[in-house]
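Heads up: the structure comes next, in structure tokens.
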Amino acid sequence: MLAAAQRVAEVQLRYAQAGVGLAAAALAGTRQFTPMRHYPARDVRDAVAGTSFYYHAHLSRRRPEQEHGHFHLFVHDRAPVAAGKPAFFHLAGLSLDARGEPLRWFTTNRWVTGESWRPAGEVLAALPHFQVHTRGRLAPMAEWLSGMVRLFAPQLAELVAARDTALAAHVARRHRGDREAAFEDRTLDVVTECPAALAPRLAELAASQA
């Protein structure tokens with residue numbers, strides 16, 4: 001956990017010294033930020049680790065007013081999957097403000113990313129192993145995201161578990177037990193969320209080590 005905190009701080013310092021915020025760095029050199037477009041266009045994928053991410057922005061009734069955009073983090077299946085079934089699942093989303101400061105972690109409904117829905121237990125099993133390694137200008141960003149997942153692992157575990165509870169309640173309340181209808185319900189995009197502010201998390205970590 002301390003190593004993850006150090007990694008996160010070092011990457012942010014590196015960008016700050018270059019006069020670049022994380023939100024700008026996430027655009028991978030593109031000046032025009034177009035809603036719904038992926039940055040980078042082909043996403044960042046680590047074929048060895050079976051992970052990927054991209055940055056983008058779009059409207060949502062749950063989107064914080066100060067949000068600039070957000071990352072989506074994914075885990076890809078290593079074994080063959082059934083024909084027509086997506087070979088990846090969503091780990092979490094992480095939003096930034098215009099300065100590049102982390103705002104919130106969040107989970108999404110299935111339709112948002114087109115993922116292969118996995119129960120919380122499977123997502124949580126992948127959480128400790130999430131790493132993205134890449135080359136080029138987004139290598140520090142991949143390192144930062146990997147560190148953020150490790151640093152906020154306890155919060156993410158609670159968030160994913162709460163996702164399944166919230167979705168089950170939504171299925172019962174709005175869709176009479178029809179999970180497939182709930183997964184495609186456009187009125188439900190963000191299922192659960194929690195703060196991703198770095199300063200309080202680092203303070204909490206420091207206190208736990210004292």
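Taken together, the values in this text are just the output of simple stated rules run on the coordinates, not laboratory data. All values derive from a computational prediction rather than experimental measurement. FYI the Cβ positions are ideal-geometry reconstructions off the backbone, even for glycines, and counts take in every protein chain you see.
Annotations for the structure displayed:
- In nm, spacing of pseudo-spin labels at Asp77 and Glu158 (7 Å Cα→C-beta vector): 3.3
- For region 1-93, a Kirkwood hydrodynamic radius built from all Cα pairs, placed in the Stokes-Einstein relation at 37 °C and 0.692 mPa s, yields a translational diffusion coefficient of 213 µm²/s.
- Taken along the Cα-to-beta-carbon direction at a fixed 7 Å, the label points for Glu204 and Arg37 span 3.6 nm.
- Reciprocal mean inverse distance between Cα atoms of the chain - Kirkwood radius, Å: 17.7
- Residue of Gly19, Gly50, Gly147 that the Gaussian network model of the chain assigns the largest fluctuation, springs spanning Cα pairs under 10 Å: Gly19
- Sum of side-chain charges, Ala153 neighbourhood, beta-carbon under 15 Å (Lys, Arg +1; Asp, Glu -1): +1
- Selected from Leu91, His129, Leu167, residue furthest toward positive end of dipole (region 56-183; charges at beta carbon): Leu167
- Spacing of the modelled spin labels on Glu184 and Ala139, each 7 Å from Cα toward Cβ, amounts to 4.4 nm.
- Per-residue extension of 0.36 nm, minus the Cα-Cα distance of Ala98 and Leu13, leaves a gain of 28.9 nm for this segment.
- Dividing the convex hull volume of the alpha-carbon atoms in region 55-172 by its residue count gives 132 Å³ per residue.
- More than 16 Å apart - percent of Cα-Cα pairs taken over region 1-42: 47
- Using only side-chain charges placed at the Cβ, +1 for Lys and Arg and -1 for Asp and Glu, the dipole size of the chain relative to its Cα centre rounds to 340 debye.
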